[in-house]
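Working notes, structure below.
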Amino acid sequence: MNLKMILLHVSVLLACSVGAVQFDAAEPIWTTAEKDEINSSVAFTTHFDWDGKAPLKLRLAGCSVFKVFVNGEFAAYGPARGPNGWFRMDEWNLSRVARKGRNLLSIVGVAYNTTTYYLISHEPFLQAEVLSGGKVVRATGDGKWNASFTERVRKAQRYSHQRAQSEVYEVPRPGCWEWWKRDGLKRESLVITNLPSVKLLERGTPYPKFEIDGTYRPTDFLSVALRTGDIGKAPRLWDEKSCRLGRTYPTEELKHRPAEDWWLRSIKPKAKFAGGEAKVDATQGVRFEGAINDTGFLRLKVKVSKPGRLLVGFDEILVDGRLDFLKRFGCNNVVLWNVKEPGEYDFESFEPYTFKFAEVIMLEGEATVEKLEMRTYKNPDATRKCRLEDPVDRKIFEAARETFAQNAVDVFTDCPSRERAGWLCDSCFTGPAEHFFTGKNEIERTFLRNFALADSFPHLPEGMVPMCYPGDHANGNFIPNWSMWFIIELANYFERTGDRETVDMLRPRVEGLVRFYAQYRNADGALENLPAWVFVEWSHANETKLVKDGVNWPSNMTYSDALAKVARLYGRPELAEQSEKLKALIRERSYDGVWFRDNAKHPDVTETCQYYAFYHGIATPKTHPELWKRLTDEFGPERTGKGLYKEVWPSNAFIGNLLRLILLERYGRSEQVAREIRGYYLKMAETTGTLWEHDRPEASCNHGFASYLAILLDEAKD
């Protein structure tokens with residue numbers, strides 16, 4: 001029996017004890033129309049009766065994503081994501097939105113039918129049942145459902161490299177917009193067919209509350225005009241040529257191209273909003289700003305006086321006073337509603353997005369924006385009280401809380417915007433933050449077990465685990481370093497929780513990784529010429545010559561730590577010996593008496609390499625006292641500004657600066673930790689209310705790993 005078959009057999013056996021569930025009556029269904037088309041949106045509608053007293057809940061599983069409405073009122077979004085070969089079942093309480101008597105249930109699903117880092121690609125299906133007092137009163141497969149296409153435009157631009165299609169809608173008239181929310185308005189029903197059964201798991205993570213962020217206020221009127229001259233092609237639209245991760249539509253097939261429409265226009269402030277009506281048209285827009293950079297579903301209430309295409313752009317920050325999401329972030333941060341008749345409309349995006357700023361314009365036509373707000377989508381359990389007295393520290397602490405809550409719903413995500421993907425390494429730091437903020441590690445347990453239960457990891461070499469998961473890696477890319485951080489996270493998780501069951505579930509994965517690494521050990525026992533995307537951090541430490549040409553020492557430092565962790569987790573003393581020999585080799589070859597160098601061939605020195613050495617136990621303040629003193633006394637947020645040690649390339653937020661702060665705390669320099677956190681992170685907290693991927697706002701301004709800062713601030717107090 002080969003390794004793949006063994007892993008499949010083990011996953012099936014283990015699932016019986018780790019949350020495998022089943023429906024009482026529901027069967028998987030979908031329509032026969034457009035079954036394989038990208039970005040196909042279908043509304044499934046039915047009715048059920050309720051006595052107004054009995055507990056009322058909806059069980060739901062499916063692929064890809066669904067929104068639930070009862071009598072036209074929003075009820076749920078999901079389900080939680082599961083591993084290849086498995087799907088998670090959500091259970092939602094419907095009592096708060098249902099009424100006594102007859103109720104209309106609408107479940108709107110989008111079958112993306114393309115590979116992403118965000119969702120597992122699978123044949124679309126919906127499996128759902130309504131239970132009143134524990135008795136099934138409606139279930140998919142019972143023949144009492146209607147299905148029709150929604151107003152969402154299927155042929156739309158991809159949102160980002162990592163996520164699927166952006167949102168474009170055709171809005172015929174007020175009475176026919178979202179017809180599936182109301183009784184008496186039906187379209188031609190699609191043929192529904194039953195599908196083969198799937199394997200199911202419990203959700204395993206908390207349910208968001210979907211609270212409304214109503215802090216968004218109009219701040220500026222905007223001038224809107226077509227740009228003149230040679231403005232070049234809009235950057236990173238993720239068309240069929242540039243997106244190598246999954247299928248998307250050829251540009252010439254698109255009726256609407258909202259990201260390009262945005263790029264073609266000069267949109268900039270012309271006057272402060274001083275009250276009155278927020279009118280928008282082809283020459284004037286309105287900017288809204290929220291209290292913080294938040295995550296959820298964009299909600300818009302508008303009164304359209306002249307029909308046309310209503311376009312909303314959004315982002316986490318402004319660049320030189322303007323939205324510039326295409327160049328800054330590489331995401332098509334736009335939603336378009338093509339409104340055909342005048343009237344009042346309530347719009348809401350189907351997917352969650354992240355933004356502090358939103359701008360509303362019309363490509364043609366006129367409208368008044370009556371309200372812009374957000375239905376939030378985040379972890380409800382991050383309730384730990386802040387003990388800090390200093391208002392500056394409290395501001396950073398609360399930014400860390402928001403960063404955690406927005407990146408920890410069903411899995412740990414790197415960012416809730418561009419990717420919404422469950423990246424390793426980020427998760428190694430978000431895991432402790434979950435325990436700190438919630439007192440539990442529910443999400444981390446579920447996150448780690450996804451790797452154990454997956455039937456397989458298509459497109460990856462044998463033994464390797466995905467760099468982010470659940471998600472598809474059709475391009476064959478992976479980060480070998482992230483699999484090492486996966487092992488380190490598992491060991492740290494075990495220390496926090498004592499969850500031996502999860503550790504044992506993951507043993508085949510971990511031992512597969514050990515065998516994978518062994519292929520790249522040279523005669524000295526060091527990893528050499530690692531394949532794929534070798535990643536140390538966002539800085540010079542990740543220059544190609546340093547990470548890909550021969551022996552990269554930070555990668556080997558992480559490897560030595562991972563080997564030691566495997567030895568302790570699974571009783572492998574030979575790996576502990578191998579780890580110690582490698583650490584000795586690194587001290588001999590990487591350390592030149594002043595600095596640890598990044599590569600065996602090249603002389604470059606990075607600040608991050610020094611932190612890797614101390615973090616992974618290659619060096620300590622006792623073994624390398626002069627280096628430690630130099631790092632603690634002369635490095636930090638102000639080092640580059642002072643012009644010190646110009647020969648040492650500086651670290652970035654992910655992950656060198658964080659490793660530095662962890663090391664300072666580890667070795668008892670609490671006051672310095674608090675001081676440097678202010679130097680690195682106060683600007684972030686003040687600007688967006690969240691913590692960033694980089695030390696500059698050039699990428700995600702809301703990155704899960706940085707929520708670890710709350711732990712350091714709290715420990716520094718003591």
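So that you can scan it fast, the table gives a plain yes or no per residue for (1) in contact with a helix residue (DSSP H, G or I) (Cβ under 6 Å, 6 or more places away or on another chain); (2) farther than 28 Å from E277 by Cβ; (3) buried (at least 22 other Cβ atoms within 10 Å of the Cβ); (4) not assigned by TED's automatic domain parsing to the domain that holds F297:
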position: G365; (1), (2), (3), (4): no, no, no, no
position: T368; (1), (2), (3), (4): no, no, no, no
position: R384; (1), (2), (3), (4): yes, yes, no, yes
position: K395; (1), (2), (3), (4): yes, yes, no, yes
position: A399; (1), (2), (3), (4): yes, yes, yes, yes
position: T403; (1), (2), (3), (4): yes, yes, yes, yes
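For G422, state whether it is at pLDDT 95 or above and touching a Phe, Trp or Tyr at 6+ places or on another chain (Cβ under 8 Å). So G422 passes the test. Restricting the first member to region 667-688 and to residues that are more than 18 Å from N652 (Cα to Cα), and the second to residues that are modelled with pLDDT of 95 or more and in a helix (DSSP H, G or I), the beta-carbon pairs closer than 6 Å and six or more apart or on different chains are Q672/L664.
Residues are listed down the side, and each one gets a yes or a no for (1) assigned to a loop (DSSP other than H, G, I, E, B); (2) acidic (D, E); (3) within 18 Å of C331 (Cβ to Cβ); (4) over 23 Å from the mean Cα position of the chain (by Cα):
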| residue | (1), (2), (3), (4) |
| --- | --- |
| W238 | yes, no, yes, no |
| K241 | yes, no, yes, yes |
| G246 | yes, no, yes, no |
| Y249 | yes, no, yes, yes |
| H256 | yes, no, yes, yes |
| A259 | no, no, yes, no |
| P269 | no, no, no, yes |
| A282 | yes, no, no, yes |
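Counting only helices (runs of 4 or more DSSP H) that sit wholly inside region 589-650, those with at least 3 residues that are in contact with a helix residue (DSSP H, G or I) (Cβ under 7 Å, 6 or more places away or on another chain) and surrounded by 20 or more Cβ atoms within 10 Å (Cβ to Cβ) are 607-615.
Assess whether F329 counts as being buried (at least 18 other Cβ atoms within 10 Å of the Cβ) and without any contact (Cβ under 8 Å) to a residue 24 or more places away in the chain. Taking the combined requirement at face value, the residue does not satisfy it.
May I ask you to list the residues in region 208-236 that are surrounded by 15 or more Cβ atoms within 10 Å (Cβ to Cβ), in contact with a Phe, Trp or Tyr (Cβ under 8 Å, 6 or more places away or on another chain) and assigned to a loop (DSSP other than H, G, I, E, B)? Across region 208-236, the qualifying residues are P208, F210, Y216, A234.
Restricting attention to region 690-708 and to residues that are out of contact with any Asp or Glu (no Cβ under 7 Å at 6 or more places or on another chain) and in a loop (DSSP other than H, G, I, E, B), the residue that is surrounded by the fewest Cβ atoms within 10 Å (Cβ to Cβ) turns out to be R696.
Pairing residues of region 552-579 that are within 20 Å of F596 (Cα to Cα) with residues that are modelled with pLDDT of 95 or more and among the acidic types (D, E), at Cβ distances under 6 Å and at least 6 apart in sequence or on separate chains, gives W553/D598. In region 72-103, which residues are in contact (Cβ under 8 Å) with a residue 60 or more places away in the chain and surrounded by fewer than 18 Cβ atoms within 10 Å (Cβ to Cβ)? The answer is G72, F74, G85, E91. The strands (runs of 3 or more DSSP E) falling completely within region 40-106 that include 1 or more residues that are of a type in the set (V, I, T) and closer than 16 Å to W180 by Cα map to 40-50, 65-70. Inspect all residues belonging to region 436-444 and state whether any of them is touching a Leu at 6+ places or on another chain (Cβ under 9 Å) and crowded, with 20+ Cβ neighbours inside 10 Å. No - not one qualifying residue is present in region 436-444.
The values are calculated or read from the model by the stated rules, or taken from the named source; none is laboratory data. The structure displayed is predicted, hence computed values, not measured ones. Backbone-built Cβ (ideal geometry, glycine too); neighbour counts: all protein chains shown.
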